[in-house]
1. Quick one: go through segment B:186-230 and flag any residue whose amide nitrogen is under 15 Å from the point 7 Å out along the Cα-to-Cβ line of B:E257.
2. Rank by packing, highest mean first: peptides A:73-82, B:310-319, B:334-343, B:161-170, with packing defined as the count of other Cβ atoms within 10 Å averaged across residues.
3. What is chain B's relative contact order, in percent, from Cα pairs under 8 angstrom and six or more apart in sequence?
4. Kindly state, as a whole number, the per residue volume in cubic angstrom of the convex hull around the alpha carbon atoms of segment B:463-556.
5. For each cysteine in chain B, check whether another cysteine's C-beta sits under 4.7 Å from its C-beta; list those where none does.
6. Once you list every other residue whose beta carbon is under 10 Å from the beta carbon of B:G349, what net charge do they have if Lys and Arg are +1 and Asp and Glu are -1?
7. Run the Debye formula on the Cα coordinates of segment A:2-93, all scatterers equal and no solvent, and tell me log10 I(q)/I(0) at q = 0.14, 0.19, 0.20 1/Å.
8. What number, in nm² with one decimal, is the all-direction average of the projected area of the convex hull of the alpha-carbon atoms of the protein assembly as shown?
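The values are calculated or read from the model by the stated rules, or taken from the named source; none is laboratory data. None of the values given here were measured: they were computed from a predicted structure. Note: ideal-geometry Cβ built from the backbone for every residue, glycine included; neighbour counts use all protein chains shown. Quick note on the areas: whole protein, heavy atoms, side chains included, nothing else; ligands and nucleic acids left out. Shrake-Rupley method; radii C 1.70, N 1.55, O 1.52, S 1.80 Å.
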Amino acid sequence: MKILTANRLTDGEAVWYAGGAWAETIDSSELAADKAAEERLEAIGAASFAANEVVDVNLIDVEIVDGVIHPLRLRERIRAAGPTNRNDLGKQARPTAA
Amino acid sequence: MYRYDEFDHQFVQARVAQFTDQVERRLAGEITEDQFRPLRLMNGVYLQLHAYMLRIAVPYGTLSSKQLRMLAHIARKYDKGYGHFTTRQNIQFNWPALSDIPAILADLASVEMHAIQTSGNCIRNVTADHFAGAAADEAADPRPYAEILRQWSSVHPEFSYLPRKFKIAVTGAERDRAAIQTHDIGLHLKKNAAGELGFAVYVGGGQGRTPLVAKKIRDFLPEEHLLSYCTAILRVYNLYGRRDNKYKARIKILVHETGVEEFTRQVEAEWAELKDGELTLPDADIKAIDAYFAPPALPARPEGDEAIKLARLDSRSFSEWLDQNVVTHRNPDYAAVTISLKGIGEVPGDASDSQMDAVADLAETYAFDEVRVSHEQNLILPHVARADLKAIYDRLVEIGLATANSDLISDIIACPGLDYCALANARSIIVAQNISKRFASLERQRDIGELKLKISGCINACGHHHVGHIGILGVEKKGAELYQVTLGGSADEHTSVGEIIGRGFGPDEITDAIETVVETYLAIRLDKSEKFLDAYRRVGPAPFKEALYAGEAKAA
């Protein structure tokens, strides 16, 4: 399974594509379970890149663990949370929506 | 310190204006990322995992209090309250918004700083011995020559699109504290028998995936030929350096593949065309730059010895800090102080905005307004009256920067690794923190003695693992982090590349493995005066391999 991720052009913020827009957290990312869905996400990423909204667009591998999106690579888990040595920085430091 | 002249000011201001316009056009969508990327890299702007990263040059590691305060200001206003001092004597900010970078560069320009040529395939920030101008063992201050190289190499039209990046380091002392043999060009400033200044020239050192120790191609190059000779080296490289393969594009590969003898012949042939031409440095120009680096007038402060004697009796921790972090100055009333950015369990090289401000205040009050950044990721006060050491120590205690671990096992070099870096394969910081905590006892660290531990989170080796007495390289294997250990590396005047000791260790095993290596050393050393590196060079890897892997061989 794959999701689409990138960094926002203006501030470099890591973002994930979630149902029509880029989100600052990974949780609601749109999942691609087959080749056709991956191609659709890729096209969205390419268009957003071309529209100068995001840079460094990538499809990444994820699995669903207990209903939560979990990237396979540590790199992507760190992008989704923030530096592992500083819990006060990155997404992990932000108040979660109630 | 060097002061910008009118030309420097105009040059940096013009670049700020140019890049401001480029950022505006990028944000307006007028230029594409493919067009913008090389432009941002020329101005030190990278894209990392969480955000952009801005790398700011600290030429030859020298900062004034005012400049350090500006870095603190940038950390506070535009970033997240801290900066990361790097192994190339630069500073990186990990969280700036692209839209803020023009304002940051304008702020930097106001204190004669910039981020030009901190990335890209050009000549990067020229680094130098962090004790330059203060060290007792120095032939001359290498920084005037580093400044001359900086001026020559800034937007040099011929050398702005080299096959790959190019790094130069300069030292003025026999004891190499600038790791010159790991650089593309390493320069050792020295005096000949007639008392004239010149350079031993080393070429083709480097780390990364192909670590090679630089080769000395000239034992004494008279100082006036510095630029013509460097130009000759760069020309040979620019002409023959490989552009077909990024991993073989550094000058070290060219020197290695061409052979030192033939490479030297090519350089000398090119130099014969250039020698005594317009690149010859006029004595007056050298003196003019020298004048900027004139040492501060150091008033006699003979009361230092008595003051220190009393303070030692009063405070054991001060006494330990004195022994570990304070080194001899050329003036006996003075000393050079290493401010450790390696507090136990802290991130190597990180300093908060308030710490930067406090160090700037200390430099202003006690150290003639001068601070250095060392390639070992610490800060240095190069000229401090011994009589003031206790006051400085007390203030460092207050701001959490008084750890007495210079050159000990917890004085770890570590790259940002996978916690920040887009190139990394594994984390470095957490490994450094865990090892630091394991060896938290300074008494134990002092018993172990000098031990340089260096960690990189990928093969690019920003954390200098190849030349660590103990080196750790993080790799990704089957989706997990794995840490390879090398032993016997060194980055001093006897530079050597460490040897891989065996299979790697997982994140939960690496601290134990390092402890095993250290315990093995303690068991085999002849006595306390035999340092880790000396013991390793005497006995080789066998006892360390035995200690690390014998158990599993038997189990298998």
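1. B:210
2. Values: A:73-82: 20.1, B:310-319: 13.7, B:334-343: 24.5, B:161-170: 22.3.
Put in order of decreasing packing, that is B:334-343, B:161-170, A:73-82, B:310-319.
3. Numbers: 1191 pairs, mean separation 70.3, N = 556.
Once normalised by length, the contact order is 13 percent.
4. Working: hull volume 9.5 nm³, N = 94.
Expressed per residue, the convex hull around the Cα atoms of segment B:463-556 is 101 Å³.
5. Singleton cysteines: B:C122, B:C230, B:C421, B:C458.
6. On the way: positive: B:K342; negative: B:E346, B:D350, B:E376.
Here the count lands on -2.
7. -0.47, -0.86, -0.94
8. Details: hull surface 128.0 nm².
Mean orientational projected area (the protein assembly as shown, Cα hull): 32.0 nm².
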